[in-house]
Amino acid sequence: MSYEKKPADEDIVEFLKHIDYSARPAEIARETGLSKPYVTRRCKIMAEAGILIREEGGYVIGHDIPGLESPVILTADREYLLSIVREIAPDRVSEVRGKPVDDLRKFIKDELATNTYPLPNRKVSYAAV
């Protein structure tokens, strides 16, 4: 199945670029003014095409972090997020060590990432932890 981009896809991606958590289709629909069934369908299609990643019942996009192979998916795995900080900004680990996952993601997105963009066509899978 080939991916056929629709105008709404840009609205969905733009919304996801400006948040630091996994957004559910209902929230994306509310924020973009699109219908929930349409957003659900488009997110599923974009996930199948490798543009979005499904995580925690919602969708995320990748982040460009200098020094790491991009795009980087900011998962809910706290140890993985801390390893990003240790590798890219070891002098700032003490700053984030006690932060909850959502704050840790926000720190990486705001302080370490230089860009947020859709993933290229590649498969990513998550194992239950």
Q: Sort 101-112, 51-62 for me by packing, meaning the mean count of neighbouring Cβ atoms within 10 Å per residue, highest on top.
A: 51-62, 101-112
Q.
How large is the accessible surface of residue 75 in square angstrom, using a 1.4 angstrom probe and rounding to the nearest 10?
A. 20 Å²
(Q) From the phi angles alone, apply the Karplus equation (6.51, -1.76, 1.60; θ = phi - 60°) to the range 23-32 and give each ³J(HN,Hα) in whole Hz, x where the residue is Gly or Pro. (A) 9, 7, x, 4, 5, 4, 4, 4, 6, 9
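Over the chain, what portion of Cα pair distances is larger than 23 Å, expressed as a whole percent?
On the way: 2671 of 8256 pairs.
When every Cα pair of the chain is considered, 32 percent fall beyond 23 Å.
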**Q.** Burial ranking of peptide ranges 77-85, 9-17 (average Cβ count within 10 Å, highest at the top)
**A.** 9-17, 77-85
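Beyond a 25 Å Cα-Cα separation, which of these cross-linked pairs lie in this structure: 6/109; 6/44; 44/99; 6/36? The partial results should precede the final answer.
Values: 6/109 27 Å; 6/44 13 Å; 44/99 31 Å; 6/36 16 Å.
Over 25 Å Cα-Cα: 6/109; 44/99.
The values are calculated or read from the model by the stated rules, or taken from the named source; none is laboratory data. Please read these numbers as outputs of a predicted model, since none were measured by experiment. Reconstructed Cβ throughout: ideal geometry from the backbone, glycine too, with neighbour counts over all protein chains shown. Just so you know, the surface numbers come from the protein's heavy atoms only, side chains and all, with ligands and any DNA or RNA stripped out. Shrake-Rupley method; radii C 1.70, N 1.55, O 1.52, S 1.80 Å.
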